[in-house]
Structure formats: structure tokens, C-alpha cells
Amino acid sequence: NRGGAAGFDFRAIMERIAPNPVKELLRRRDSLKLTDLQVVRLQLIGDSLDVKNNMVIDSLTAQVKRLADSTAGRPASSAPPAAAAPAARTEDRPGQGRGGPGQGGPFAAFQPMLQQGRNNYLAAIESIKAVLTPEQWNMLPEAFRNPSLRARPGGPGGAGGAGGAGRPQRPPAS
């Protein structure tokens with residue numbers, strides 16, 4: 001099952017942070033008056049994004065498996081002394097620690113790969129812009145044309161904590 005390692009549905013996560021934008025464009029094919037050549041080019045962009053993000057999903061799944069295998073195979077003799085056991089054991093479990101390498105939970109470890117998926121998505125948007133005419137591009141919703149402005153749950157006050165910390169986001173403009 002692709003993307004479902006250790007209870008994480010990476011396919012659903014990737015669909016949320018880096019959806020294939022070509023699907024929306026093809027639903028608007030008639031209103032955008034896309035030419036057959038544009039449709040072929042857009043499908044290639046979408047297929048390329050799917051391949052790239054499937055590779056990211058596979059890498060994330062493999063990383064979770066490695067983390068699970070490394071914590072499951074640890075001999076009992078490596079357990080910390082009893083006085084430090086609760087805090088240390090919590091930090092040794094992926095996604096449950098407060099400090100050290102596990103700081104921020106599993107998404108801190110997965111964030112670079114999730115960001116790669118988001119970057120793939122943003123690159124696809126730029127490729128799409130190059131295929132469309134300026135008139136077609138301007139017919140698209142603002143949230144499509146400027147994906148960094150998309151409202152995402154987990155933002156300030158939303159589920160996920162302060163500002164959606166730990167979620168892949170577009171880097172701030174310099």
C-alpha cells in the first residue's frame with residue numbers, strides 16, 4: 001500500500017500540499033478554450049508531477065519503515081536508566097519527542113521531502129503558466145495563479161498549531 005506506512009497516508013498528505021493542478025485545468029478545458037496541443041502539454045506536466053511526487057511518497061514511506069525498523073529492533077539492554085526512562089523513551093519514538101533529532105515530531109524529519117513535493121507542485125504551476133496564453137492564465141482563480149496564498153487548514157488559529165508550523169510552505173520572497 002503506497003503511502004500508508006506506520007499510519008501515515010503520504011498520498012493524501014501530498015494531495016493536500018501538492019495537488020496535481022492539471023486536473024483542474026482539464027475540467028475547465030472548454031471555458032479556457034484550450035487547444036489540443038495545450039492539452040497534450042498540460043497532460044505531460046501533470047504526468048511528470050505525478051511521477052516526481054510518487055518518488056517523494058516512496059521515499060517518505062521508506063523513511064518511516066526505516067524509523068520503525070530501527071526503533072523496533074533495539075535491544076532491551078540499550079534502554080536508558082529507570083530515572084530517565086519516561087522522557088528518553090518518549091523521545092526515541094518517532095514523532096513523540098520534544099528535543100534532539102525527533103524535535104517537532106515525525107514531520108520535522110519528513111519536512112524536507114514534503115517540501116520537495118511542494119516545490120514540484122510550484123514548478124508545475126510555472127510550467128502551466130508557460131503553456132497558457134496570458135488571457136487563459138488570467139481566467140484562473142487567484143488561488144491557482146498564486147498557490148502560496150491558498151488558505152490551508154492549520155494556519156493561524158487553525159488545526160495544526162501556531163501558523164501551521166512544520167507544514168511545507170513557499171519560502172518568503174527576498
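The values are calculated or read from the model by the stated rules, or taken from the named source; none is laboratory data. The model shown is predicted, which means the values in this text are computed figures rather than measured ones. With ideal geometry, Cβ positions are generated from the backbone for all residues, glycine too; neighbour counts draw on all protein chains shown. These area figures cover heavy atoms from the full protein model, side chains too; ligands, DNA and RNA do not enter into them. Shrake-Rupley method; radii C 1.70, N 1.55, O 1.52, S 1.80 Å.
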Inset, instruction - Check the range 43-56 and report whether any residue there is without any contact (Cβ under 8 Å) to a residue 24 or more places away in the chain, in contact with a helix residue (DSSP H, G or I) (Cβ under 7 Å, 6 or more places away or on another chain) and open to solvent by 40 Å² or more (accessible area, probe 1.4 Å). - result: yes
Inset, instruction - State yes or no: is GLY166 more than 14 Å from PRO19 (Cα to Cα), at pLDDT below 95 and touching a Phe, Trp or Tyr at 6+ places or on another chain (Cβ under 7 Å)? - result: yes
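Pick from the range 16-44 the residues that are of a type in the set (Val, Ile, Thr) and under 14 Å from PHE144 (Cα atoms): which of them is nearest to the chain's Cα centre (by Cα)? Walk me through how you get there before you give the answer.
Looking only at the range 16-44, we keep the residues that are of a type in the set (Val, Ile, Thr), and these are 17, 22, 35, 39-40.
Those still in the list that are under 14 Å from PHE144 (Cα atoms) too: 17, 22.
Values: ILE17: 5, VAL22: 17 Å.
The selected residue is ILE17.
Filter the range 109-127 for residues that are polar (S, T, N, Q) and either open to solvent by 40 Å² or more (accessible area, probe 1.4 Å) or under 19 Å from LEU44 (Cα atoms) (or both); which is modelled with the lowest pLDDT?
To start, the set of residues in the range 109-127 that are polar (S, T, N, Q) comprises 111, 115-116, 119-120, 127.
Right, trim to either open to solvent by 40 Å² or more (accessible area, probe 1.4 Å) or under 19 Å from LEU44 (Cα atoms) (or both) and you get 111, 116, 119-120, 127.
Values: GLN111: 87, GLN116: 93, ASN119: 93, ASN120: 95, SER127: 97.
Per the stated criteria, the residue is GLN111.
If you check PRO86, PRO106, PRO94, which single one turns out to be modelled with pLDDT under 85 and either more than 23 Å from the chain's Cα centre (by Cα) or surrounded by fewer than 11 Cβ atoms within 10 Å (Cβ to Cβ) (or both)? Please lay out each step first, then the result.
Numbers: PRO106 fails: either more than 23 Å from the chain's Cα centre (by Cα) or surrounded by fewer than 11 Cβ atoms within 10 Å (Cβ to Cβ) (or both); PRO94 fails: either more than 23 Å from the chain's Cα centre (by Cα) or surrounded by fewer than 11 Cβ atoms within 10 Å (Cβ to Cβ) (or both).
Being modelled with pLDDT under 85 and either more than 23 Å from the chain's Cα centre (by Cα) or surrounded by fewer than 11 Cβ atoms within 10 Å (Cβ to Cβ) (or both) holds for just one of PRO86, PRO106, PRO94, which is PRO86.
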